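Novice: First the structure, which I've put down as structure tokens, then a few questions once you've had a look.
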Amino acid sequence: MTSKLVLNAVGGDLEETITLVGEAEISAGAGEVVVNVEAAPINGADPLFAMGWFGVYPEVPADMGAEGVGRVVEVGPGVDPALVGRRVVMLPTFRFGTWATRTVVPVSNVVPVPEEADPLQLAMLAVNPATAYVLLHEYVDLQPGDWVGLNLANSAVAHYLIPLARRAGVRTLAVVRREEVIDEVRRLGADVVLVDGDDLAERMATTLDGARLRVLYEGTGDPAQVARLVTAVEDGGTVVAFSSVTGQAPVIPLPDLIYRGISLRSVYIVGWLRSASPKQLEQMYGELAGLITEGVIGAEVAATYPLEEHVDALRHAQQTERNGKVLFVPAQAA
Ligand SMILES: NC(=O)c1ccc[n+]([C@@H]2O[C@H](COP(=O)([O-])OP(=O)(O)OC[C@H]3O[C@@H](n4cnc5c(N)ncnc54)[C@H](OP(=O)(O)O)[C@@H]3O)[C@@H](O)[C@H]2O)c1
């Protein structure tokens with residue numbers, strides 16, 4: 001018997017719309033594999049998906065969970081049998097679920113990963129490390145010594161972006177919203193950590209001492225914070241929106257947009273992965289999985305829960321000022 005978390009209605013209270021169901025044995029069709037799930041995180045996108053506010057609209061009943069790690073236990077027709085027994089990460093499509101004991105996945109959406117790495121860290125490989133990687137590589141051609149800025153600097157995305165930037169010799173100006181997390185962000189390798197506030201523009205100018213940000217990675221959507229941060233971006237520079245924790249759309253102030261030529265772009269990792277070539281995926285995930293195995297990058301884990309405790313897990317994941325990610329793991333491992 002397979003257990004899985006299913007969304008029964010779009011919108012409303014997740015504690016009521018998401019339920020645990022049992023399913024008779026599942027099997028792999030052509031081009032598919034069956035994966036025994038070892039761990040799967042709750043990301044910000046999951047509640048958005050359940051509310052119908054995400055880039056993929058749920059067809060209810062919809063299996064929940066976008067990414068995770070597990071072991072292939074069966075392959076369908078047309079799939080290399082050598083995959084059986086391999087540990088794989090599952091890439092987010094929002095068309096199959098990972099909050100399950102077992103799941104059926106198209107083989108194009110699994111990537112083999114090293115055995116030695118911590119499964120909890122591997123479970124979080126597909127989304128946030130890839131987002132950080134794409135933010136650093138796909139928008140501005142960054143050189144050692146360049147400065148980049150980011151907010152949400154204690155988020156999981158930042159836990160990958162800051163060390164990846166440091167490895168490339170790129171300097172980071174990291175903005176958080178509370179003092180308690182400053183030391184943690186410094187330990188990640190950020191060159192400067194500042195707490196947001198009305199005088200942020202002045203403090204950034206003093207700290208940068210004439211230097212400017214080549215690119216700003218923006219996750220609040222808050223037009224007032226964006227206006228403060230944009231003052232540090234170079235003329236002709238770029239703002240890349242990766243999230244909107246306020247639910248607002250980021251706005252570039254008119255003088256910065258017109259007179260200084262600042263452009264606003266965005267990233268959507270599900271769309272990027274959909275159009276990436278197998279070679280690009282292999283290259284990116286190979287590099288990221290290696291860094292996770294070496295312990296160079298990784299996110300904090302706040303807690304793990306079995307599927308049966310999904311109400312507590314979802315509540316925990318939606319708390320702000322939480323230290324790390326919440327993941328589902330098999331009952332015996334929670
Ligand atoms: N565009 C994409 O393809 C893509 C891919 C991956 C992630 N994302 C998005 O990126 C964001 C970060 O994801 P994650 O998994 O790294 O999240 P996470 O680890 O849960 O971190 C959430 C971050 O948001 C901050 N935050 C929450 N509410 C806030 C508010 N009202 N004002 C300012 N900051 C606030 C938190 O600060 P505190 O600790 O102070 O609460 C924390 O830094 C999420 O919104 C996620 O959906 C987007």
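The values are calculated or read from the model by the stated rules, or taken from the named source; none is laboratory data. Owing to the predicted nature of the structure, the values given are computational and were not obtained by experimental measurement. All Cβ positions, even for glycine, are placed from backbone atoms using ideal geometry, and neighbour counts span all protein chains on display. Side chains are part of the model used for accessible areas, which takes the heavy atoms of the whole protein and leaves out ligands, DNA and RNA. Shrake-Rupley method; radii C 1.70, N 1.55, O 1.52, S 1.80 Å.
Novice: Please determine whether any residue of the stretch 253-262 is within 13 Å of the ligand (Cβ to nearest atom) and buried (at least 18 other Cβ atoms within 10 Å of the Cβ).
Specialist: Within the stretch 253-262, not a single residue is within 13 Å of the ligand (Cβ to nearest atom) and buried (at least 18 other Cβ atoms within 10 Å of the Cβ).
Novice: Any idea how many residues of the stretch 305-324 are touching a residue at least 12 places away in the same chain (Cβ under 8 Å), within 16 Å of the ligand (Cβ to nearest atom) and open to solvent by 40 Å² or more (accessible area, probe 1.4 Å)?
Specialist: 5
Novice: Another question about this same structure. Answer with yes or no whether V60 is surrounded by 14 or more Cβ atoms within 10 Å (Cβ to Cβ) and at pLDDT 95 or above.
Specialist: When the stated conditions are applied, V60 does not pass them.
Novice: Checking F96 against (1) in a strand (DSSP E or B); (2) under 20 Å from A276 (Cβ atoms): exactly one of these is not met. Which one?
Specialist: With (1) in a strand (DSSP E or B); (2) under 20 Å from A276 (Cβ atoms) applied to F96, the lone miss is (1).
Novice: Could you look through the stretch 170-197, keep only residues that are within 15 Å of the ligand (Cβ to nearest atom) and part of a loop (DSSP other than H, G, I, E, B), and pick out the one that is most open to solvent (accessible area, probe 1.4 Å)?
Specialist: Within the stretch 170-197, the match that is most open to solvent (accessible area, probe 1.4 Å) is R177.
Novice: Name the single residue that is most open to solvent (accessible area, probe 1.4 Å) among those in the stretch 221-242 being under 21 Å from W147 (Cβ atoms) and within 10 Å of the ligand (Cβ to nearest atom).
Specialist: Looking at residues that are under 21 Å from W147 (Cβ atoms) and within 10 Å of the ligand (Cβ to nearest atom), I get F242.
Novice: For the stretch 1-58, what are the residues that are among the charged types (D, E, K, R) and in contact with a strand residue (DSSP E or B) (Cβ under 8 Å, 6 or more places away or on another chain)?
Specialist: K4, E23, E25, E32, E38
Novice: On the given criteria, is T207 within 16 Å of the ligand (Cβ to nearest atom) and either over 30 Å from F96 (Cα atoms) or not in a helix (DSSP H, G or I) (or both)?
Specialist: No: the conditions fail for T207.
Novice: Which of the residues belonging to the stretch 25-51 are closer than 30 Å to R322 by Cα, more than 10 Å from the ligand (Cβ to nearest atom) and open to solvent by 20 Å² or more (accessible area, probe 1.4 Å)?
Specialist: Across the stretch 25-51, the qualifying residues are N36, E38, M51.
Novice: Only one of L125, L152 is touching a residue at least 24 places away in the same chain (Cβ under 8 Å), open to solvent by less than 30 Å² (accessible area, probe 1.4 Å) and outside any helix (DSSP H, G or I). Can you tell me which?
Specialist: The unique qualifying residue is L125.
Novice: Quick one: A249 ticks every box in (1) surrounded by 14 or more Cβ atoms within 10 Å (Cβ to Cβ); (2) outside the structural domain of E38 (by TED's automatic domain parsing); (3) within 15 Å of the ligand (Cβ to nearest atom) bar one, so which box is it?
Specialist: The one condition A249 does not meet is (1).
Novice: Does the stretch 271-278 contain at least one residue that is away from the ligand (no atom under 15 Å from the Cβ), open to solvent by less than 40 Å² (accessible area, probe 1.4 Å) and among the hydrophobic types (A, V, I, L, M, F, W, C)?
Specialist: no
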